[in-house]
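Reading through the structure tokens given below for one structure.
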Amino acid sequence: MTTYRIRLLPEQVDFDAGEEETLLSAARRAGLAFPHRCQVGACASCLCRKLSGEVAYQLAPMLTGKEQAAGWIFPCLAMARSDLVLTMDNEEQNVDSM
């Protein structure tokens, strides 16, 4: 199984994610308190921004093309396809302005 390195900002925390597990599952397995509720992409509690790297989804996320182009992802559904840098910085998370 391929494993990717995930860096979470602004905390500067790193964890590993297998290619077949969601980023949320990997973060929880690593003992991180990652925000979540529904785990199916409906509540947007886990919404964060991908600053670098590639992710894949088994089911298309409920994000517009513009939101995806801006880097927004649902970690409860997204699986790493490369090393990633994600930000949880609430200052940068203003989806309404997109």
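Is there any pair linking a residue in segment 24-35 that is under 13 Å from Ala80 (Cβ atoms) to one that is aliphatic (A, V, I, L, M) and not in a loop (DSSP other than H, G, I, E, B), with Cβ under 7 Å and at least six apart or on different chains, and which?
Close Cβ pairs (under 7 Å, with a partner that is aliphatic (A, V, I, L, M) and not in a loop (DSSP other than H, G, I, E, B)) amount to Ala26/Ile6; Ala26/Ala17.
Scan segment 55-66 for residues that are under 13 Å from the mean Cα position of the chain (by Cα), of a type outside the set (Gly, Ala, Ser) and over 19 Å from Arg37 (Cβ atoms) and jot them down.
Hit for segment 55-66 is Val55, nothing else.
Quick check: is even one residue across segment 67-78 more than 10 Å from the chain's Cα centre (by Cα), under 15 Å from Thr3 (Cβ atoms) and modelled with pLDDT of 85 or more?
no
Yes or no: segment 38-54 includes at least one residue that is surrounded by fewer than 16 Cβ atoms within 10 Å (Cβ to Cβ) and more than 13 Å from Pro75 (Cα to Cα).
There is at least one residue in segment 38-54 that is surrounded by fewer than 16 Cβ atoms within 10 Å (Cβ to Cβ) and more than 13 Å from Pro75 (Cα to Cα).
Counting just the residues of segment 55-65 that are in a loop (DSSP other than H, G, I, E, B) and open to solvent by 50 Å² or more (accessible area, probe 1.4 Å), which one comes out modelled with the lowest pLDDT?
Looking at residues that are in a loop (DSSP other than H, G, I, E, B) and open to solvent by 50 Å² or more (accessible area, probe 1.4 Å), I get Ala60.
The values are calculated or read from the model by the stated rules, or taken from the named source; none is laboratory data. Values in this document were obtained by computation on a predicted structure and should not be read as measured data. When we count neighbours, we look across all protein chains shown, and the Cβ atoms used for this are built from the backbone with ideal geometry, even at glycine. What goes into the accessible areas is simple: the full protein's heavy atoms, side chains included, and nothing from ligands, DNA or RNA. Shrake-Rupley method; radii C 1.70, N 1.55, O 1.52, S 1.80 Å.
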